[in-house]
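The values are calculated or read from the model by the stated rules, or taken from the named source; none is laboratory data. Just so it is clear, the structure is predicted and the values come from calculations on it, not from any experiment. No Cβ is skipped: glycine too gets one built from the backbone with ideal geometry, and neighbour counts run over all protein chains shown.
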Amino acid sequence: MNTDQYRSLDGLAMADLLETGATTSLELTRHAIDLAEAWNPTINAITYPRYEESLAIAEDWQPRGAFRGIPFLLKDSGFAHRRFPSSIGSRLFDDTVYAFDATVAGRFEEAGLIPFARSTVSELCMGASTEARRNGAPTRNPWDLNRSVGGSSGGAAAAVAARIVPVAHGSDGGGSIRIPAACCGIYGLKPSRGRVPMGPARGEGWGGMASDGVLSVTVRDTAAAMDAIGGYEPGAPYAAPPQPEPYLDIVRRAQQLDGADGKGARKLRIGILREGWNGIGIAPECDAAVSHAARLLASLGHDIAEARLPTLDYSGFVIAHGNILATNVALAVDTRLKALGRTMRDDDIEPVLAKAYVIGKGLDAATYVDAVQRLHAIGRAFATAMRDYDVLLTPTLTTLPAELGFLALDVDLPFREFRERAAGYATFLAVINAAGLPAASLPLSWTDAGLPVATQLIGHFGREDMVLALSAQLEALAPWSQRRPVLAG
(Lines give C-alpha, C1' and ligand atoms only; values in the text may rest on other atoms or scores of the structure.)
Protein backbone atom coordinates (compact mmCIF):
# COMPACT_ATOMS: atom_id res chain seq x y z
CA MET A 1 0.00 0.00 0.00
CA ASN A 2 1.33 3.44 -0.89
CA THR A 3 0.39 6.78 0.65
CA ASP A 4 -2.16 7.67 -2.04
CA GLN A 5 -3.91 4.36 -1.55
CA TYR A 6 -3.97 4.87 2.21
CA ARG A 7 -5.46 8.36 1.83
CA SER A 8 -8.21 7.05 -0.47
CA LEU A 9 -9.62 4.68 2.16
CA ASP A 10 -12.16 5.27 4.88
CA GLY A 11 -11.88 3.43 8.17
CA LEU A 12 -14.11 0.49 7.26
CA ALA A 13 -12.27 -0.01 3.96
CA MET A 14 -9.05 -0.24 5.99
CA ALA A 15 -10.77 -2.73 8.27
CA ASP A 16 -11.72 -4.87 5.24
CA LEU A 17 -8.07 -4.98 4.19
CA LEU A 18 -7.07 -6.00 7.69
CA GLU A 19 -9.70 -8.75 7.62
CA THR A 20 -8.29 -10.23 4.40
CA GLY A 21 -4.66 -9.85 5.45
CA ALA A 22 -3.94 -7.34 2.66
CA THR A 23 -2.43 -4.96 5.22
CA THR A 24 -1.58 -4.83 8.91
CA SER A 25 -2.28 -2.44 11.75
CA LEU A 26 1.45 -1.70 11.85
CA GLU A 27 1.53 -0.69 8.17
CA LEU A 28 -1.54 1.52 8.55
CA THR A 29 -0.16 3.20 11.67
CA ARG A 30 3.16 3.86 9.91
CA HIS A 31 1.29 5.57 7.08
CA ALA A 32 -0.66 7.69 9.58
CA ILE A 33 2.48 8.73 11.42
CA ASP A 34 4.33 9.51 8.17
CA LEU A 35 1.43 11.71 7.08
CA ALA A 36 1.25 13.37 10.49
CA GLU A 37 4.94 14.24 10.29
CA ALA A 38 4.53 15.54 6.73
CA TRP A 39 1.39 17.63 7.32
CA ASN A 40 1.78 18.85 10.89
CA PRO A 41 4.46 21.50 10.28
CA THR A 42 1.91 23.15 7.96
CA ILE A 43 -1.45 22.61 9.66
CA ASN A 44 -0.43 22.14 13.33
CA ALA A 45 -3.12 19.58 14.14
CA ILE A 46 -1.18 17.07 16.27
CA THR A 47 -0.05 17.23 19.88
CA TYR A 48 1.23 14.67 22.40
CA PRO A 49 2.54 12.22 19.78
CA ARG A 50 3.30 8.75 21.08
CA TYR A 51 4.64 7.33 17.83
CA GLU A 52 7.10 4.63 18.85
CA GLU A 53 4.89 3.37 21.66
CA SER A 54 1.88 3.26 19.33
CA LEU A 55 3.82 1.43 16.60
CA ALA A 56 4.72 -1.25 19.15
CA ILE A 57 1.05 -1.55 20.17
CA ALA A 58 0.01 -1.79 16.50
CA GLU A 59 2.57 -4.50 15.84
CA ASP A 60 1.12 -6.69 18.60
CA TRP A 61 -2.50 -5.69 18.00
CA GLN A 62 -5.16 -8.41 18.02
CA PRO A 63 -7.94 -7.50 15.53
CA ARG A 64 -11.24 -6.56 17.13
CA GLY A 65 -14.33 -4.47 16.57
CA ALA A 66 -15.69 -2.92 13.42
CA PHE A 67 -12.40 -1.16 12.64
CA ARG A 68 -10.17 -4.15 13.42
CA GLY A 69 -7.08 -2.04 14.25
CA ILE A 70 -6.71 1.27 12.42
CA PRO A 71 -4.86 4.46 13.49
CA PHE A 72 -6.83 7.05 15.43
CA LEU A 73 -6.48 10.41 17.20
CA LEU A 74 -7.85 11.41 20.61
CA LYS A 75 -8.96 14.99 21.15
CA ASP A 76 -6.82 17.04 23.56
CA SER A 77 -9.96 17.87 25.50
CA GLY A 78 -9.17 16.52 28.93
CA PHE A 79 -10.54 13.18 27.74
CA ALA A 80 -8.94 10.76 30.21
CA HIS A 81 -6.43 8.25 28.87
CA ARG A 82 -3.51 6.78 30.76
CA ARG A 83 -1.21 6.78 27.71
CA PHE A 84 -1.80 10.42 26.73
CA PRO A 85 -1.41 13.56 28.84
CA SER A 86 -3.66 16.49 27.97
CA SER A 87 -3.39 20.27 27.95
CA ILE A 88 -6.98 21.16 26.92
CA GLY A 89 -5.20 23.68 24.69
CA SER A 90 -3.98 25.64 27.72
CA ARG A 91 -0.57 26.34 29.20
CA LEU A 92 -2.17 26.23 32.64
CA PHE A 93 -3.31 22.64 32.08
CA ASP A 94 -0.25 21.47 30.16
CA ASP A 95 0.78 17.84 30.74
CA THR A 96 -2.19 16.85 32.88
CA VAL A 97 -1.95 13.09 33.42
CA TYR A 98 -4.62 10.51 34.19
CA ALA A 99 -4.66 7.40 36.36
CA PHE A 100 -7.68 5.96 34.52
CA ASP A 101 -9.28 5.82 31.08
CA ALA A 102 -12.58 7.42 30.16
CA THR A 103 -15.38 4.94 29.56
CA VAL A 104 -15.46 5.85 25.88
CA ALA A 105 -11.68 5.37 25.59
CA GLY A 106 -12.22 1.69 26.33
CA ARG A 107 -15.05 1.55 23.81
CA PHE A 108 -12.82 3.12 21.15
CA GLU A 109 -10.23 0.42 21.78
CA GLU A 110 -12.80 -2.37 21.61
CA ALA A 111 -13.94 -0.91 18.28
CA GLY A 112 -10.43 -1.44 16.89
CA LEU A 113 -9.20 2.17 17.01
CA ILE A 114 -5.52 2.63 17.96
CA PRO A 115 -4.68 6.18 19.15
CA PHE A 116 -1.16 7.39 18.37
CA ALA A 117 -1.47 11.10 19.33
CA ARG A 118 -3.93 13.78 20.38
CA SER A 119 -5.46 16.47 18.15
CA THR A 120 -5.29 20.18 18.89
CA VAL A 121 -8.14 22.20 20.42
CA SER A 122 -9.00 25.79 21.31
CA GLU A 123 -8.17 26.70 24.91
CA LEU A 124 -10.43 24.81 27.32
CA CYS A 125 -12.41 23.81 24.20
CA MET A 126 -14.16 27.17 24.47
CA GLY A 127 -13.54 28.65 21.02
CA ALA A 128 -15.02 28.17 17.57
CA SER A 129 -11.53 28.32 16.07
CA THR A 130 -8.45 26.30 17.05
CA GLU A 131 -5.81 28.97 17.63
CA ALA A 132 -4.54 28.22 21.14
CA ARG A 133 -1.38 30.00 22.34
CA ARG A 134 -0.30 26.77 23.98
CA ASN A 135 0.10 25.12 20.57
CA GLY A 136 2.50 27.79 19.33
CA ALA A 137 0.56 28.63 16.18
CA PRO A 138 -2.98 28.30 14.86
CA THR A 139 -4.25 25.05 13.47
CA ARG A 140 -4.70 25.78 9.76
CA ASN A 141 -7.36 24.64 7.33
CA PRO A 142 -5.91 22.18 4.77
CA TRP A 143 -8.18 23.71 2.09
CA ASP A 144 -7.00 27.29 2.74
CA LEU A 145 -4.17 27.86 5.19
CA ASN A 146 -5.41 31.36 6.02
CA ARG A 147 -8.78 30.09 7.24
CA SER A 148 -9.94 28.53 10.46
CA VAL A 149 -10.45 24.80 10.94
CA GLY A 150 -13.21 25.60 13.40
CA GLY A 151 -13.25 24.54 17.01
CA SER A 152 -12.94 23.09 19.34
CA SER A 153 -12.30 19.76 17.55
CA GLY A 154 -10.25 21.65 14.97
CA GLY A 155 -7.15 19.45 14.98
CA ALA A 156 -9.28 16.34 14.56
CA ALA A 157 -11.09 17.84 11.57
CA ALA A 158 -7.87 19.06 9.94
CA ALA A 159 -6.26 15.63 10.36
CA VAL A 160 -9.25 13.84 8.86
CA ALA A 161 -9.47 16.34 5.99
CA ALA A 162 -5.77 15.78 5.27
CA ARG A 163 -6.43 12.03 5.48
CA ILE A 164 -3.87 11.50 8.22
CA VAL A 165 -6.62 9.34 9.70
CA PRO A 166 -10.06 8.53 8.30
CA VAL A 167 -11.83 8.98 11.64
CA ALA A 168 -10.92 10.89 14.81
CA HIS A 169 -12.35 11.57 18.25
CA GLY A 170 -14.23 14.82 18.71
CA SER A 171 -16.64 16.38 21.17
CA ASP A 172 -19.40 18.94 20.81
CA GLY A 173 -20.66 21.32 23.49
CA GLY A 174 -21.84 24.14 21.22
CA GLY A 175 -20.92 23.06 17.71
CA SER A 176 -17.42 21.71 18.36
CA ILE A 177 -17.83 18.70 16.02
CA ARG A 178 -20.03 20.35 13.41
CA ILE A 179 -18.12 23.65 13.06
CA PRO A 180 -14.81 21.89 12.27
CA ALA A 181 -16.56 19.37 10.02
CA ALA A 182 -18.09 22.25 8.07
CA CYS A 183 -14.81 24.16 7.81
CA CYS A 184 -12.83 21.10 6.71
CA GLY A 185 -15.23 19.36 4.33
CA ILE A 186 -15.87 16.16 6.29
CA TYR A 187 -18.77 14.52 8.13
CA GLY A 188 -19.57 15.30 11.75
CA LEU A 189 -22.44 14.07 13.93
CA LYS A 190 -23.38 15.42 17.35
CA PRO A 191 -25.25 12.67 19.21
CA SER A 192 -28.39 13.07 21.31
CA ARG A 193 -27.89 13.98 24.94
CA GLY A 194 -27.17 10.79 26.86
CA ARG A 195 -26.29 8.69 23.81
CA VAL A 196 -22.55 8.62 24.63
CA PRO A 197 -21.51 8.38 28.30
CA MET A 198 -18.98 10.78 29.87
CA GLY A 199 -17.89 8.58 32.79
CA PRO A 200 -16.42 7.48 34.97
CA ALA A 201 -15.30 10.85 36.33
CA ARG A 202 -18.14 13.01 34.97
CA GLY A 203 -21.83 12.66 34.35
CA GLU A 204 -22.30 15.67 32.11
CA GLY A 205 -20.52 18.60 30.54
CA TRP A 206 -21.65 22.22 30.32
CA GLY A 207 -25.11 21.72 31.76
CA GLY A 208 -25.79 18.69 29.57
CA MET A 209 -24.78 20.41 26.32
CA ALA A 210 -21.58 18.43 25.65
CA SER A 211 -21.14 15.02 24.07
CA ASP A 212 -18.27 12.96 22.72
CA GLY A 213 -18.34 11.60 19.19
CA VAL A 214 -16.21 11.41 16.06
CA LEU A 215 -15.43 13.21 12.83
CA SER A 216 -14.97 11.05 9.75
CA VAL A 217 -14.44 10.85 6.03
CA THR A 218 -17.68 8.94 5.45
CA VAL A 219 -21.07 8.54 7.05
CA ARG A 220 -20.60 4.82 7.50
CA ASP A 221 -17.46 5.35 9.61
CA THR A 222 -19.42 7.57 11.98
CA ALA A 223 -22.23 4.99 12.10
CA ALA A 224 -19.79 2.22 13.03
CA ALA A 225 -18.14 4.41 15.66
CA MET A 226 -21.50 5.34 17.17
CA ASP A 227 -22.44 1.67 17.38
CA ALA A 228 -19.27 1.15 19.40
CA ILE A 229 -19.32 4.12 21.78
CA GLY A 230 -23.05 4.69 22.26
CA GLY A 231 -25.10 3.10 24.99
CA TYR A 232 -26.04 3.88 28.56
CA GLU A 233 -23.47 3.68 31.35
CA PRO A 234 -24.90 2.74 34.77
CA GLY A 235 -25.13 5.82 36.96
CA ALA A 236 -25.13 8.34 34.12
CA PRO A 237 -27.60 11.23 34.64
CA TYR A 238 -28.99 11.11 31.08
CA ALA A 239 -30.08 8.30 28.79
CA ALA A 240 -31.04 8.52 25.13
CA PRO A 241 -33.68 6.09 23.83
CA PRO A 242 -32.20 2.72 22.80
CA GLN A 243 -31.20 2.63 19.14
CA PRO A 244 -33.54 0.48 17.03
CA GLU A 245 -30.76 -1.53 15.34
CA PRO A 246 -27.06 -1.07 14.54
CA TYR A 247 -26.51 2.28 12.88
CA LEU A 248 -24.13 0.72 10.38
CA ASP A 249 -26.91 -1.60 9.17
CA ILE A 250 -29.20 1.41 8.76
CA VAL A 251 -26.58 3.32 6.77
CA ARG A 252 -25.75 0.35 4.55
CA ARG A 253 -29.40 -0.13 3.77
CA ALA A 254 -29.79 3.57 2.95
CA GLN A 255 -26.74 3.49 0.67
CA GLN A 256 -28.18 0.57 -1.30
CA LEU A 257 -31.13 2.68 -2.43
CA ASP A 258 -31.31 3.86 -6.01
CA GLY A 259 -29.67 7.30 -5.81
CA ALA A 260 -31.88 8.63 -8.62
CA ASP A 261 -35.19 8.31 -6.84
CA GLY A 262 -34.60 6.88 -3.37
CA LYS A 263 -36.82 3.87 -4.12
CA GLY A 264 -37.61 1.97 -0.96
CA ALA A 265 -36.94 4.86 1.42
CA ARG A 266 -39.67 6.17 3.69
CA LYS A 267 -40.74 9.62 2.60
CA LEU A 268 -39.72 12.16 5.23
CA ARG A 269 -41.07 15.61 6.00
CA ILE A 270 -38.17 18.04 5.99
CA GLY A 271 -38.41 21.65 7.12
CA ILE A 272 -35.90 24.27 5.97
CA LEU A 273 -34.63 27.12 8.15
CA ARG A 274 -32.96 29.86 6.12
CA GLU A 275 -32.72 32.81 8.50
CA GLY A 276 -31.27 33.23 11.94
CA TRP A 277 -32.84 34.61 15.08
CA ASN A 278 -32.47 38.35 15.70
CA GLY A 279 -32.05 38.99 11.99
CA ILE A 280 -28.74 37.13 11.73
CA GLY A 281 -28.06 36.84 8.01
CA ILE A 282 -26.90 33.89 5.93
CA ALA A 283 -24.12 34.31 3.37
CA PRO A 284 -25.22 33.66 -0.24
CA GLU A 285 -22.94 30.61 -0.52
CA CYS A 286 -24.45 29.07 2.59
CA ASP A 287 -28.01 29.77 1.46
CA ALA A 288 -27.22 28.26 -1.93
CA ALA A 289 -25.86 25.16 -0.21
CA VAL A 290 -29.17 24.75 1.63
CA SER A 291 -31.04 25.04 -1.67
CA HIS A 292 -28.74 22.44 -3.21
CA ALA A 293 -29.33 20.04 -0.32
CA ALA A 294 -33.09 20.62 -0.57
CA ARG A 295 -33.04 19.72 -4.26
CA LEU A 296 -31.13 16.53 -3.50
CA LEU A 297 -33.64 15.61 -0.81
CA ALA A 298 -36.57 16.33 -3.12
CA SER A 299 -35.00 14.09 -5.78
CA LEU A 300 -35.08 11.30 -3.20
CA GLY A 301 -38.84 11.75 -2.85
CA HIS A 302 -38.88 13.57 0.47
CA ASP A 303 -41.36 16.38 1.16
CA ILE A 304 -39.59 19.73 1.53
CA ALA A 305 -41.16 22.84 3.06
CA GLU A 306 -40.00 26.18 4.41
CA ALA A 307 -40.28 26.03 8.19
CA ARG A 308 -40.59 28.68 10.88
CA LEU A 309 -37.84 29.32 13.38
CA PRO A 310 -38.54 27.81 16.80
CA THR A 311 -39.88 30.53 19.07
CA LEU A 312 -37.18 31.30 21.61
CA ASP A 313 -35.28 34.15 23.23
CA TYR A 314 -32.04 33.83 21.29
CA SER A 315 -30.32 36.75 23.03
CA GLY A 316 -31.25 35.27 26.39
CA PHE A 317 -29.92 31.90 25.29
CA VAL A 318 -26.57 33.39 24.19
CA ILE A 319 -26.21 35.02 27.61
CA ALA A 320 -27.20 31.80 29.41
CA HIS A 321 -24.78 29.74 27.33
CA GLY A 322 -22.05 32.23 28.12
CA ASN A 323 -22.83 32.01 31.84
CA ILE A 324 -22.53 28.23 31.76
CA LEU A 325 -19.19 28.47 29.94
CA ALA A 326 -17.89 31.17 32.28
CA THR A 327 -18.84 29.13 35.34
CA ASN A 328 -17.03 26.12 33.92
CA VAL A 329 -13.93 28.23 33.20
CA ALA A 330 -13.89 29.44 36.80
CA LEU A 331 -14.32 25.94 38.22
CA ALA A 332 -11.69 24.37 35.93
CA VAL A 333 -9.11 27.09 36.54
CA ASP A 334 -9.59 27.14 40.32
CA THR A 335 -9.36 23.35 40.50
CA ARG A 336 -6.14 23.36 38.49
CA LEU A 337 -4.59 26.19 40.52
CA LYS A 338 -5.41 24.35 43.74
CA ALA A 339 -3.72 21.21 42.39
CA LEU A 340 -0.65 23.25 41.43
CA GLY A 341 -0.65 25.02 44.78
CA ARG A 342 -0.47 28.55 43.41
CA THR A 343 -2.52 31.56 42.34
CA MET A 344 -3.41 32.86 38.87
CA ARG A 345 -0.71 34.40 36.69
CA ASP A 346 -1.32 36.92 33.93
CA ASP A 347 -0.35 34.49 31.15
CA ASP A 348 -2.12 31.38 32.47
CA ILE A 349 -5.11 31.68 30.14
CA GLU A 350 -5.89 33.69 27.04
CA PRO A 351 -7.47 37.17 27.30
CA VAL A 352 -11.06 36.27 26.39
CA LEU A 353 -11.10 33.39 28.87
CA ALA A 354 -9.46 35.52 31.55
CA LYS A 355 -12.49 37.79 31.25
CA ALA A 356 -14.77 34.73 31.32
CA TYR A 357 -13.05 33.63 34.54
CA VAL A 358 -13.89 36.95 36.22
CA ILE A 359 -17.52 36.67 35.09
CA GLY A 360 -17.73 33.07 36.25
CA LYS A 361 -16.38 33.92 39.69
CA GLY A 362 -19.03 36.62 40.05
CA LEU A 363 -22.09 34.58 39.06
CA ASP A 364 -24.43 33.37 41.78
CA ALA A 365 -26.24 30.05 42.02
CA ALA A 366 -29.58 31.52 40.95
CA THR A 367 -28.05 32.80 37.70
CA TYR A 368 -26.63 29.37 36.92
CA VAL A 369 -29.96 27.66 37.61
CA ASP A 370 -31.69 30.19 35.36
CA ALA A 371 -29.19 29.39 32.61
CA VAL A 372 -29.93 25.67 32.82
CA GLN A 373 -33.67 26.35 32.76
CA ARG A 374 -33.17 28.40 29.58
CA LEU A 375 -31.47 25.38 28.00
CA HIS A 376 -34.48 23.25 28.87
CA ALA A 377 -36.76 25.84 27.29
CA ILE A 378 -34.79 25.52 24.03
CA GLY A 379 -35.54 21.80 23.98
CA ARG A 380 -39.26 22.43 24.34
CA ALA A 381 -39.18 25.12 21.64
CA PHE A 382 -37.61 22.73 19.14
CA ALA A 383 -39.95 19.89 20.08
CA THR A 384 -42.89 22.19 19.32
CA ALA A 385 -41.41 23.54 16.09
CA MET A 386 -40.57 20.05 14.81
CA ARG A 387 -44.01 18.49 15.36
CA ASP A 388 -44.78 18.65 11.64
CA TYR A 389 -41.31 17.54 10.49
CA ASP A 390 -39.09 14.50 10.76
CA VAL A 391 -35.90 16.49 10.17
CA LEU A 392 -34.85 20.13 9.91
CA LEU A 393 -32.35 21.37 7.30
CA THR A 394 -30.21 24.45 8.04
CA PRO A 395 -26.89 25.97 7.06
CA THR A 396 -24.17 24.64 9.34
CA LEU A 397 -22.43 28.02 9.45
CA THR A 398 -23.79 31.41 8.44
CA THR A 399 -20.64 32.24 6.44
CA LEU A 400 -17.72 30.52 4.75
CA PRO A 401 -14.97 29.26 7.12
CA ALA A 402 -13.71 32.29 9.04
CA GLU A 403 -10.36 33.94 8.45
CA LEU A 404 -7.80 33.15 11.14
CA GLY A 405 -7.99 35.63 13.99
CA PHE A 406 -11.70 36.41 13.77
CA LEU A 407 -12.63 33.83 16.42
CA ALA A 408 -9.33 33.65 18.30
CA LEU A 409 -9.39 33.77 22.10
CA ASP A 410 -6.08 35.64 22.11
CA VAL A 411 -7.67 39.06 21.52
CA ASP A 412 -8.65 41.99 23.71
CA LEU A 413 -12.39 41.41 23.41
CA PRO A 414 -14.99 41.24 26.18
CA PHE A 415 -16.22 37.70 26.75
CA ARG A 416 -19.86 38.61 26.09
CA GLU A 417 -18.94 40.25 22.79
CA PHE A 418 -16.88 37.22 21.81
CA ARG A 419 -19.83 34.94 22.52
CA GLU A 420 -22.10 37.11 20.38
CA ARG A 421 -19.58 36.89 17.53
CA ALA A 422 -19.52 33.09 17.80
CA ALA A 423 -23.33 32.97 18.04
CA GLY A 424 -23.60 34.90 14.78
CA TYR A 425 -21.21 32.48 13.07
CA ALA A 426 -22.67 29.20 14.37
CA THR A 427 -26.26 30.34 14.86
CA PHE A 428 -27.92 26.96 14.32
CA LEU A 429 -25.49 24.87 16.37
CA ALA A 430 -25.32 25.60 20.11
CA VAL A 431 -29.13 25.74 20.31
CA ILE A 432 -29.13 22.09 19.22
CA ASN A 433 -26.80 21.21 22.09
CA ALA A 434 -29.19 22.98 24.44
CA ALA A 435 -32.10 21.00 23.00
CA GLY A 436 -30.13 17.74 23.25
CA LEU A 437 -30.97 16.74 19.67
CA PRO A 438 -28.84 14.79 17.19
CA ALA A 439 -27.49 16.82 14.29
CA ALA A 440 -24.97 16.30 11.50
CA SER A 441 -22.93 18.56 9.24
CA LEU A 442 -22.54 17.41 5.62
CA PRO A 443 -20.15 18.96 3.03
CA LEU A 444 -22.55 18.79 0.10
CA SER A 445 -21.44 22.01 -1.63
CA TRP A 446 -18.09 23.59 -2.52
CA THR A 447 -17.12 27.02 -3.79
CA ASP A 448 -15.27 27.53 -7.07
CA ALA A 449 -12.16 28.18 -4.97
CA GLY A 450 -12.49 24.74 -3.37
CA LEU A 451 -13.88 25.66 0.05
CA PRO A 452 -16.50 23.37 1.60
CA VAL A 453 -19.96 24.77 2.34
CA ALA A 454 -21.88 22.54 4.71
CA THR A 455 -25.51 22.00 5.61
CA GLN A 456 -26.94 20.59 8.83
CA LEU A 457 -29.57 17.92 9.42
CA ILE A 458 -31.35 18.05 12.80
CA GLY A 459 -33.32 15.06 14.07
CA HIS A 460 -35.74 14.45 16.90
CA PHE A 461 -34.32 13.37 20.25
CA GLY A 462 -32.87 9.87 20.03
CA ARG A 463 -33.26 9.66 16.23
CA GLU A 464 -29.64 9.39 15.15
CA ASP A 465 -30.86 6.55 12.96
CA MET A 466 -32.91 8.95 10.83
CA VAL A 467 -30.13 11.55 10.60
CA LEU A 468 -27.57 8.91 9.62
CA ALA A 469 -29.84 7.28 7.03
CA LEU A 470 -30.65 10.62 5.43
CA SER A 471 -26.95 11.56 5.51
CA ALA A 472 -26.09 8.32 3.72
CA GLN A 473 -28.66 8.99 1.02
CA LEU A 474 -27.24 12.48 0.44
CA GLU A 475 -23.68 11.17 0.45
CA ALA A 476 -24.63 8.73 -2.31
CA LEU A 477 -25.98 11.59 -4.44
CA ALA A 478 -23.20 14.11 -3.74
CA PRO A 479 -20.15 12.14 -2.52
CA TRP A 480 -17.30 14.08 -0.96
CA SER A 481 -14.87 11.44 0.29
CA GLN A 482 -12.55 11.58 -2.71
CA ARG A 483 -11.98 15.32 -2.35
CA ARG A 484 -8.54 15.56 -0.70
CA PRO A 485 -6.42 18.66 -0.12
CA VAL A 486 -2.86 18.78 -1.44
CA LEU A 487 -0.04 19.56 0.97
CA ALA A 488 1.17 23.09 0.26
CA GLY A 489 4.79 23.11 -0.90
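Selection of first residues in the stretch 415-433 that are more than 15 Å from GLY173 (Cβ to Cβ) and of second residues that are in a loop (DSSP other than H, G, I, E, B) and of a type in the set (Phe, Trp, Tyr), restricted to Cβ pairs under 9 Å at least 6 apart or on distinct chains, gives the following pairs, ordered by first then second residue: ARG421/PHE406; TYR425/PHE406. Total residues in the stretch 454-479 satisfying the condition of being surrounded by fewer than 21 Cβ atoms within 10 Å (Cβ to Cβ) and in contact with a strand residue (DSSP E or B) (Cβ under 6 Å, 6 or more places away or on another chain): the figure is 2. Scanning the stretch 87-137 for residues that are of a type in the set (D, E, K, R) and either within 19 Å of the chain's Cα centre (by Cα) or buried (at least 24 other Cβ atoms within 10 Å of the Cβ) (or both) returns ARG107, ARG118, GLU123, GLU131. Does VAL165 meet the test of being within 23 Å of PRO452 (Cβ to Cβ), assigned to a loop (DSSP other than H, G, I, E, B) and either acidic (Asp, Glu) or in contact with a strand residue (DSSP E or B) (Cβ under 6 Å, 6 or more places away or on another chain) (or both)? Yes. Just one of the numbered conditions (1) surrounded by fewer than 23 Cβ atoms within 10 Å (Cβ to Cβ); (2) without any contact (Cβ under 8 Å) to a residue 60 or more places away in the chain; (3) under 23 Å from SER153 (Cβ atoms) is not true of THR3: (3). Within the stretch 279-293, restricting attention to residues that are farther than 12 Å from SER445 by Cα and assigned to a helix (DSSP H, G or I), the residue that is modelled with the highest pLDDT is PRO284. Selection over the stretch 364-388 of residues that are crowded, with 19+ Cβ neighbours inside 10 Å and part of a loop (DSSP other than H, G, I, E, B) gives a count of 1. Among residues of the stretch 139-160 that are on the phi > 0 side of the Ramachandran plot and of a type outside the set (A, V, I, L, M, F, W, C), those with a Cβ under 8 angstrom from a residue that is surrounded by 24 or more Cβ atoms within 10 Å (Cβ to Cβ) and in a helix (DSSP H, G or I), sequence gap 6+ or separate chain, pair up as GLY150/ALA157; GLY150/ILE179; GLY150/PRO180; GLY150/ALA181; GLY150/ALA182; GLY150/CYS183; GLY150/CYS184. Taking the criterion of being within 18 Å of GLY21 (Cβ to Cβ), touching a residue at least 24 places away in the same chain (Cβ under 8 Å) and part of a loop (DSSP other than H, G, I, E, B), the residues of the stretch 38-79 that qualify are TRP61, PRO63, GLY65, ALA66, PHE67, GLY69.
Considering the stretch 1-37, and only residues there that are in a loop (DSSP other than H, G, I, E, B) and of a type in the set (A, V, I, L, M, F, W, C), the residue that is nearest to THR139 (Cα to Cα) turns out to be LEU9.
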